[in-house]
Amino acid sequence: MSAQILDGKALAAEIRGKIKPEVDALKSAGVWPGLATLLVGENPASQVYIRSKHKACQEVGIRSFNLTLSQSSTNAEVMRKVEDLNADPQVHGILVQLPLPLQIDSNAVLSLIHPDKDVDGFHPQNLGRLFSAKDARDIFSAAKPIPVPCTPQGVIALIHKTGVPIAGRNAVVVGRSVIVGKPVFSLLLAHHATVTIAHSQTPNLAAVCRDADLLVVAIGIANKITGNMVKPGAVVVDVGMNRLAAGGLCGDVDFETAKETAGWITPVPGGVGPMTIVMLLQNTLLLAKNSCVAA
Ligand code: GUN
């Protein structure tokens, strides 16, 4: 049997269609949602991502500001740019593209972004709020909802799209990064899954994965998860994006074998990638709305 494809491109388009009228309504009320991105250096992959983010903003009417600094920038120069953006009333969301050059203290930069403008949700205050959430209402329906990291939000939206309930399911997250693995863990837990985090040093990864009703893979190794590691009928979300030496892209899941066992599976490209971008738009809108809520 072959899995159903979880089409991130289609779901992202559906969500974008809901964001646009909300942007228009805010603009009519005098608030034009604005996103600023800061790219330090000339990493070609980062340049591609930044271009896609600005194009997506344009499509829904979000104002976007594209800032760049040279590869040799100092910590102080990067910090000064972030402070300027913190003070700019036209900017509701600030995104510092990662990875930063090695001489830059990424944690210090991410912590300097004002938590109310933290469109990536990487500020320790926002990550702490996510970690403290008892359930999804604490995250999404609080008086001032939390900006949740974009890729993890996209992962959860894709799982919701399958109609498979999260509560009570065994979820396995392969990968423990702050950008993906840890926030996905917190979100799945807030939706009442039983969650395991596995990583590069987990013994018997295959057996751990085979226990997963929901399998989220973000380990950064091409085709690491093969069909024999997937529980029959599982929902498989592949966050990986690996460039092959021979050209082309592949995920962390071996799509061809995994699709024979999974119930649902995301393709690469066209799965999680488009969802990350649409969640960035959603977070920008959220922060613009939050800016109208009394502190
Ligand atoms: N680099 C890779 N993923 C991300 C992301 O989600 N946000 C930022 N700022 N940089 C990234």
Open item on the list: How high is the relative contact order of the chain? Use alpha-carbon pairs under 8 Å, at least six apart in sequence, and give a whole percent.
Closed with: 22
TODO: Taking the Cα centre of segment 1-45 as origin, sum charge times position over the Cβ atoms of Lys and Arg (+1) and Asp and Glu (-1), and report the length of that vector in debye to the nearest 20.
DONE: 120
Task: Hydrodynamic radius of the chain per Kirkwood, over alpha carbon pairs, in Å - done: 19.6
Open item on the list: I'm checking a number: the convex hull volume of the Cα atoms of segment 1-101, normalised per residue, in Å³. What is it?
Closed with: 111
Task: Contour minus Cα-Cα distance for Asp24 and Arg137 (0.36 nm per residue) - done: 38.1 nm
Task: 4 °C / 1.567 mPa s Stokes-Einstein diffusion coefficient of segment 216-262, Kirkwood radius on C-alpha pairs, µm²/s - done: 123
- [ ] Would you mind putting 118-131, 17-30, 245-258 in packing order, based on average other-beta-carbon counts within 10 Å, highest first?
- [x] 118-131, 245-258, 17-30
- [ ] Beyond 25 Å between alpha-carbons counts as too far, so tell me which of Lys18/Lys231; Lys9/Lys117; Lys161/Lys259 fall in that bin.
- [x] Lys18/Lys231; Lys9/Lys117
- [ ] Determine the principal axes of the Cα atoms in segment 174-262, then give the extent along each, sorted from largest to smallest and rounded to whole angstroms.
- [x] 41, 29, 23
TODO: List the residues whose amide H sits under 5 Å from the amide H of Thr68, counting only those 5 or more places along or on another chain, with H placed 1.01 Å from N in the peptide plane.
DONE: Leu39
- [ ] Might you report the magnitude of the Cβ-based charge dipole of the chain about its Cα centre, with Lys and Arg at +1 and Asp and Glu at -1, to the nearest 20 debye?
- [x] 340
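Coordinate-derived values only; no laboratory data. Computed from a prediction, not measured in an experiment: that's the story for all the values here. When we count neighbours, we look across all protein chains shown, and the Cβ atoms used for this are built from the backbone with ideal geometry, even at glycine.
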